[in-house]
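Notes follow once the structure below has been shown.
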Amino acid sequence: MRRSMLFIPGNTPSLIVNGDILGADSIILDLEDAVSPAEKDSARILVRNTLKHLGLKGCEIVIRINPVDTDFWYKDLDEIVPHKPDAIMLPKVNGPEDVKKVSEYIAGIEEKCGMEKNTVKIITLIETTMGVENAFHIAGCDERVIAMFLGAEDLTADLRCVRTKEGAEILYCRQRLVTAARACGVDVYDTPFTDVEDIEGLYKDARFAKALGFTGKVSISPRHVEGINEVFSPTKAEIEYAHEVLDIIEEAKRMGRGVVSLRGKMIDAPIVNRAKQVIEMEKAIYGGTDHE
Amino acid sequence: MSKLIGSIREAIEACGLKDGMTISFHHHMRNGDYVLNMVLDEIAKMGIKNITVNASSVFDTHAPIIDHIKNGVVTGLECNYMGAKVGKAISEGVMENPVIFRSHGGRPSDMEKGTSHIDVAFVAAPTADNRGNMTGKYGKSACGSMGYAFADAYNADKVVCITDNLVEYPVVGFSIPEVYVDHVVVVDKIGEPSGIVSGTTKITKDPVGLKMAQYAAKVVKASGLLKDGFSFQTGAGGATLAAAKYIKEMMLEDNIKGSFGMGGITKYMVEMLNEGCFKALIDVQCFDLDAVESIKNNPNHMEVSASQYAGVNGSAVNSLDVVLLGATQVDLDFNVNVHTDSNGYIMGGSGGHADTAAGSKLAIIIAPLVRARLPLIVDRVTCITTPGHTVDVVVTQRGIAVNPNRPELKEKLVKAGLPVVEIDELKAIAEKITGVPKPIKLDESKVVAKVLYRDGTVIDTIKKVVTE
């Protein structure tokens, strides 16, 4: 389970070496926008060696490669995939064909390296109007796709509107993405809040994203990670309630009772599912992925 | 009776300064100080040789002293801290006699004991009158507290006050009284107040520094010391200041009324005073101009002498609950080095490090586990500034090590869910990233500095670096 995903430029060794202590559930080592064309090769090597040698612990590692309309993306994959990152983030996805192209290329590398198929997952970055309109088809097009992420900066340029803190201009896109992702059973991540200094604004933006149904939020600053984690974590009361729900269901099963109620409210299937999700999150927050 | 005298030269003559004597300076103007250089230039012109300089600290702005060492004017140097410029020359063996390093508490204590004798003290005074009453709180070169200058004024055979703001007698709210002063000299400028602020007095924005600061604040909370009556000191470093910020937030949230904040005072400590976190500030030195402004206007912001701050025979450090300190190296026995850099060059000194670690109930070291390419934790520090038995906790971004002589503290931190690890584990984690660095080459036969612990005993020596 991811609440926070943190971008770290793929050309900053001092940050990368500490990537796993910044509190993010997932770090995204970036080979795309953070890296100028002249530095693509060195960043790629740095990120490859990070995966190979550094043993970052306690967070998921995602690599943002370059988009399919460049000559970099397959070179990125050649270097990165053999070292088993948790996922590849593919930017500027316009439709299922972009995902298919990358997925097939990854499959080739996996086979060549003797890796199990679908070891490396894909997170699609939706940041074009075409991508938004194709969101449902993208979310469900390939087994590797585990999540979608909305990138509002490029998107608002494509929409030809001004990006605001309030975000009224991206409301439709946010909701469309959440609906598409949920319909296909994949996670969905909200766009970064770009004012690094405005922590109050970050909380407000994150709470709104959570209210819309986003799984979590991406960040461009380590200073936003704590707030995102807080907003997207179940509260203590929610966790306690979830345990009560599951306990009472367990007891009802034992007693052979069909209908159960808790605090005067009938416990039906959606409530049980919700409780299970909360417990899963509780476990995930106190667990983690190791990269030895 | 007026003690005004025409020039620094006349004051030197009137004091009878001769070859082989010891002169002293305080460092309240920090890197903006003009007085040490002015006096040494005059001494050189007068042809006096073989002088020992005892300055509470030596900064980069004092680099001209290197030439005075080369031409034999200065043959001895004693201080509590030395900036990297002069430190480099000393480390490369520019001076025959070893530098004597003390701590901020050890220096006045040694003067009081008579083991450190000052013939003539030259005291830069931002404001003075013609009979030698002085204060640092006012004047165009205001530096706030004059804490380090008290010992010089009280203990030197002769005292020369050097001011750029002569006011009508008497100076209101003087710090050092006229009875200790022999001569008063007026100069154009004693220094540049903007040089008081050093680059290390701002809260860090570095995410790793903030992470360490959060851990340190949690250690303070878990220790049980953060309650009404809490007393606290932090050095001026980005991460320690960030920790102070988190501690302040906790104090305000839990409505904790502390007793005092101490040390070199920054604006963050001033804010804590003003927001009710402390009853008083005990200020031996102002680290920025906000602190200078506060000590002038707020009676609860108190000036103290170095002796009262950190002296060996009972001083405020013994009433201190928590101190947050930095380190360039820590070893497996928790000894801390803040004297030398990774290549063995002098670039610092104890200041109050050893004093506060010894006096406080909880001494916390905050430092990143890896700096550039080098691990923080080593088998043996290049130079012991602060002995390990006085250091309680080492906080890094990858874990917190507790001194084995504090098992009850370790238990509290584990219980609070903090990432407590053994110090050798920290070393292993760092070396996994950096590899094991080759030992630096030093000329073991040549001691360039002796480090005196606060009780006056030699705790370590610093060797000459090998340059070729």
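Just a few scattered comments:
Let's see how each residue does on (1) without any contact (Cβ under 8 Å) to a residue 40 or more places away in the chain; (2) away from chain B (no Cβ under 14 Å):
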{"site": "A:Val17", "(1), (2)": "yes, no"}
{"site": "A:Glu32", "(1), (2)": "no, yes"}
{"site": "A:Val35", "(1), (2)": "yes, yes"}
{"site": "A:Ile61", "(1), (2)": "no, yes"}
{"site": "A:Asn66", "(1), (2)": "yes, yes"}
{"site": "A:Phe72", "(1), (2)": "no, yes"}
{"site": "A:Lys84", "(1), (2)": "yes, yes"}
{"site": "A:Glu97", "(1), (2)": "yes, yes"}
{"site": "A:Glu111", "(1), (2)": "yes, yes"}
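So that you can scan it fast, the table gives a plain yes or no per residue for (1) of a type outside the set (Asp, Glu); (2) crowded, with 19+ Cβ neighbours inside 10 Å:
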| residue | (1), (2) |
| --- | --- |
| B:Ala156 | yes, yes |
| B:Asp164 | no, yes |
| B:His183 | yes, yes |
| B:Ser194 | yes, no |
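- Segment B:361-398 - residue that is within 14 Å of chain A (Cβ to nearest Cβ), out of contact with any Phe, Trp or Tyr (no Cβ under 9 Å at 6 or more places or on another chain) and not charged (D, E, K, R) and, of those, surrounded by the fewest Cβ atoms within 10 Å (Cβ to Cβ): B:Ala372
- B:Gly311 being over 20 Å from B:Cys143 (Cα atoms), at pLDDT 95 or above and under 19 Å from the mean Cα position of the chain (by Cα): yes
- Some residue of segment A:117-136 being touching a strand residue (DSSP E or B) at 6+ places or on another chain (Cβ under 7 Å), part of a helix (DSSP H, G or I), in the same structural domain as A:Arg182 (by TED's automatic domain parsing) and under 14 Å from A:Ala180 (Cβ atoms): yes
- Candidate set: segment A:1-15, residues that are within 14 Å of another protein chain (Cβ to nearest Cβ) and not hydroxyl-bearing (Ser, Thr, Tyr); chosen: the one surrounded by the most Cβ atoms within 10 Å (Cβ to Cβ): A:Leu6
- Near pairs, Cβ below 6 angstrom, 6+ apart or cross-chain, from segment B:429-441 (within 23 Å of B:Lys463 (Cβ to Cβ)) to any residue that is hydrophobic (A, V, I, L, M, F, W, C): B:Pro437/B:Leu374; B:Lys441/B:Val466
- Selected residue (criterion: surrounded by the most Cβ atoms within 10 Å (Cβ to Cβ)) from residues of segment A:49-102 that are among the β-branched types (Val, Ile, Thr) and part of a strand (DSSP E or B): A:Ile63
- Leading residue by the ranking (farthest from the other protein chains (Cβ to nearest Cβ)) among those in segment B:441-468 that are under 28 Å from B:Asp355 (Cβ atoms) and in a loop (DSSP other than H, G, I, E, B): B:Gly456
- Flag set for B:Ala428, criterion: assigned to a helix (DSSP H, G or I) and either more than 19 Å from the chain's Cα centre (by Cα) or within 14 Å of chain A (Cβ to nearest Cβ) (or both).
- One residue stands out among those in segment A:19-30 that are assigned to a loop (DSSP other than H, G, I, E, B) and within 11 Å of chain B (Cβ to nearest Cβ): the one that is nearest to the chain's Cα centre (by Cα), which is A:Ala24.
- Inter-residue pairs, beta-carbon under 6 Å, first in contact (Cβ under 8 Å) with a residue 24 or more places away in the chain and in segment A:37-54, second small (Gly, Ala, Ser), 6+ apart: A:Ala43/A:Gly10; A:Val47/A:Gly10
- B:Gly417 of a type outside the set (A, V, I, L, M), within 14 Å of another protein chain (Cβ to nearest Cβ) and on the phi > 0 side of the Ramachandran plot: yes
- The single residue among B:Ile459, B:Ile423, B:Ile429, B:Ile433 that is closer than 19 Å to B:Met82 by Cβ, surrounded by 14 or more Cβ atoms within 10 Å (Cβ to Cβ) and of a type in the set (A, V, I, L, M, F, W, C) turns out to be B:Ile459.
- Total residues in segment B:211-228, condition in a loop (DSSP other than H, G, I, E, B) and touching a strand residue (DSSP E or B) at 6+ places or on another chain (Cβ under 7 Å): 2
- Of the residues making up segment B:12-69, those that are over 24 Å from B:Met347 (Cβ atoms) and not in a loop (DSSP other than H, G, I, E, B) number 14.
Each row is one residue, and each column tells you yes or no for (1) within 14 Å of chain A (Cβ to nearest Cβ); (2) in a loop (DSSP other than H, G, I, E, B); (3) at pLDDT below 95; (4) under 24 Å from B:Ser7 (Cβ atoms).
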{"residue": "B:Ala151", "(1), (2), (3), (4)": "no, no, no, no"}
{"residue": "B:Cys161", "(1), (2), (3), (4)": "no, no, no, yes"}
{"residue": "B:Glu168", "(1), (2), (3), (4)": "no, yes, no, yes"}
{"residue": "B:Val185", "(1), (2), (3), (4)": "no, no, no, yes"}
{"residue": "B:Lys189", "(1), (2), (3), (4)": "no, yes, no, yes"}
{"residue": "B:Thr204", "(1), (2), (3), (4)": "yes, yes, yes, no"}
{"residue": "B:Gly209", "(1), (2), (3), (4)": "yes, no, yes, no"}
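- Boolean, B:Phe287 is on the phi > 0 side of the Ramachandran plot and surrounded by 24 or more Cβ atoms within 10 Å (Cβ to Cβ): no
- Filtered by the rule that a residue be more than 27 Å from the chain's Cα centre (by Cα) and either on the phi > 0 side of the Ramachandran plot or buried (at least 24 other Cβ atoms within 10 Å of the Cβ) (or both), segment B:234-256 gives a lone residue, B:Asn255.
- Only one of the numbered conditions (1) more than 14 Å from every other protein chain (Cβ to nearest Cβ); (2) within 22 Å of A:Ala24 (Cβ to Cβ); (3) of a type in the set (Gly, Ala, Ser) is violated by A:Gly131, and that is (2).
The values are calculated or read from the model by the stated rules, or taken from the named source; none is laboratory data. Bear in mind the structure is a predicted one, so any value in this text is a computation, not a measurement. Reconstructed Cβ throughout: ideal geometry from the backbone, glycine too, with neighbour counts over all protein chains shown.
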